[in-house]
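The values are calculated or read from the model by the stated rules, or taken from the named source; none is laboratory data. Fair warning: this is a prediction, and the values are worked out from it, not measured in the lab. Counting neighbours? That spans all protein chains shown, and the Cβs are built from the backbone with ideal geometry, glycine included.
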Amino acid sequence: MNEDLSNKTAVITGASHGLGRAVAFKLAALGARAALIARRPDPLKQTAAAIREQGGEASVYPCDVSDSSQARETAVQIQNAFGAIHILINNAGIPAPRQFEETGFDDWDQVIGVNLSGVFYLTRSLWDSLKSADSACVINISGTAGLRGGGSPAYGSSKFGLTGLNYAIANAGADHNIRSTILYPGGMDTGWRGAPIGVASRSESMDPDTVADMIAHLVTSPPEFVVNEAVLNPLDYPFM
Ligand SMILES: NC(=O)c1ccc[n+]([C@@H]2O[C@H](COP(=O)([O-])OP(=O)(O)OC[C@H]3O[C@@H](n4cnc5c(N)ncnc54)[C@H](OP(=O)(O)O)[C@@H]3O)[C@@H](O)[C@H]2O)c1
């Protein structure tokens, strides 16, 4: 498999922390020009600086993907800077209250806004740039909450919705050499919901760098087929 991403542009959301940061490092190490998106500029700039220190190419686009105007404006800036987009990693995501009775309207709107609407806003806004690449791929980061019922109502609904959106993107992209994959990871060691980082064993909580390696494999897989979906779980918690 050719894992060289030289002359490819990759847009990564949620790129300043956790899985998104790990993916940004990995794709930049493979030669991609990384366009990094998150809300807060400072952690984003620190990530870009660290990537550049390692010889990679990275630029920052502070943006709240749940705000359609910001997503559209950011997409225009990225299109003007790079033209074709080869890789879009829709990773930005936030958690939500676990219980139905604890879930307020604001919680619902915020989580659906980031985890689902944000993916639509950015992918739709970058669509012409994805189409103009010879071959492009979109990776949508869900979670095992997107495969099973129960759990947080707003979070689970956002990730279930993302499954539908992933297939809509795949369908629309088929005629334009755009592939779309949905990834359902289980627990990762990113400090999610305030969990301490580096305490759980790797078989209990996955290393985001290792998951990023898996994403790099998906991105560099042969362009004539699409991996529709992938489920990854820590070994101690095999799915279902
Ligand atoms: N960690 C897990 O155990 C786990 C398990 C299954 C699935 N997932 C999924 O994996 C993805 C990444 O999770 P993670 O644990 O790496 O998250 P994380 O460490 O909390 O990082 C989230 C990233 O998203 C950015 N972000 C949040 N809201 C945003 C918005 N409205 N617009 C743009 N960027 C935004 C954050 O930066 P700013 O705050 O500066 O915006 C940050 O860079 C999420 O989609 C999550 O649902 C995680």
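Would you call Glu57 touching a Lys or Arg at 6+ places or on another chain (Cβ under 6 Å), among the charged types (D, E, K, R), away from the ligand (no atom under 14 Å from the Cβ) and modelled with pLDDT of 95 or more? So that I can check it myself, show each step before the final result.
Numbers: touching a Lys or Arg at 6+ places or on another chain (Cβ under 6 Å): yes; among the charged types (D, E, K, R): yes; away from the ligand (no atom under 14 Å from the Cβ): yes; modelled with pLDDT of 95 or more: yes.
Here the answer is yes, as Glu57 does meet what is asked.
Please specify each residue of region 127-145 satisfying the condition of being within 14 Å of the ligand (Cβ to nearest atom) and either modelled with pLDDT under 95 or more than 14 Å from the chain's Cα centre (by Cα) (or both).
If the condition is that a residue be within 14 Å of the ligand (Cβ to nearest atom) and either modelled with pLDDT under 95 or more than 14 Å from the chain's Cα centre (by Cα) (or both), then Thr144, Ala145 are the ones that fit.
Let's see how each residue does on (1) within 14 Å of the ligand (Cβ to nearest atom); (2) under 23 Å from Leu126 (Cβ atoms); (3) touching a Ser or Thr at 6+ places or on another chain (Cβ under 6 Å):
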residue	(1), (2), (3)
Leu165	yes, yes, no
Ala174	no, yes, no
Ile178	no, yes, no
Thr190	yes, no, no
Ile197	yes, no, no
His217	no, yes, no
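Filtering region 131-155 down to residues that are surrounded by 20 or more Cβ atoms within 10 Å (Cβ to Cβ) and free of Cβ contacts under 8 Å to residues at least 40 places away in the same chain, which residue is nearest to Glu229 (Cα to Cα)?
Restricting to residues being surrounded by 20 or more Cβ atoms within 10 Å (Cβ to Cβ) and free of Cβ contacts under 8 Å to residues at least 40 places away in the same chain, the top hit is Gly146.
Among the residues of region 178-190, are any surrounded by fewer than 17 Cβ atoms within 10 Å (Cβ to Cβ) and under 20 Å from the mean Cα position of the chain (by Cα)?
No; the residues of region 178-190 include none that is surrounded by fewer than 17 Cβ atoms within 10 Å (Cβ to Cβ) and under 20 Å from the mean Cα position of the chain (by Cα).
Name the residues in region 181-240 that are assigned to a loop (DSSP other than H, G, I, E, B), touching a residue at least 40 places away in the same chain (Cβ under 8 Å) and on the phi > 0 side of the Ramachandran plot, would you?
Correct list: Gly191, Met240.
Checking the conditions here, which among Ala84, Ala49 is more than 27 Å from Ser132 (Cα to Cα), more than 13 Å from the ligand (Cβ to nearest atom) and of a type in the set (Gly, Ala, Ser)? Lay out the reasoning, then the answer.
Working: Ala84 fails: more than 27 Å from Ser132 (Cα to Cα).
That would be Ala49, the only listed residue that is more than 27 Å from Ser132 (Cα to Cα), more than 13 Å from the ligand (Cβ to nearest atom) and of a type in the set (Gly, Ala, Ser).
From the list Lys26, Lys8, which residue is out of contact with any Ser or Thr (no Cβ under 7 Å at 6 or more places or on another chain), under 19 Å from Ile215 (Cβ atoms) and within 14 Å of the ligand (Cβ to nearest atom)?
Just one listed residue meets the conditions, Lys26.
Return the residue satisfying two criteria in turn: it lies in region 98-130 and is among the acidic types (Asp, Glu) and free of Cβ contacts under 8 Å to residues at least 24 places away in the same chain, and of such residues it is nearest to Gly164 (Cα to Cα).
Of the residues in region 98-130, the ones among the acidic types (Asp, Glu) are 101-102, 106-107, 109, 128.
Filter again for free of Cβ contacts under 8 Å to residues at least 24 places away in the same chain, leaving 101-102, 106, 109.
Values: Glu101: 26, Glu102: 26, Asp106: 23, Asp109: 18 Å.
Once the filter is applied, the top-ranked residue is Asp109.
Matching residues to (1) of a type outside the set (D, E, K, R); (2) closer than 21 Å to Ile178 by Cβ; (3) over 18 Å from the mean Cα position of the chain (by Cα):
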residue: Ser6; (1), (2), (3): yes, yes, yes
residue: Thr13; (1), (2), (3): yes, yes, no
residue: Arg21; (1), (2), (3): no, no, no
residue: Phe82; (1), (2), (3): yes, yes, yes
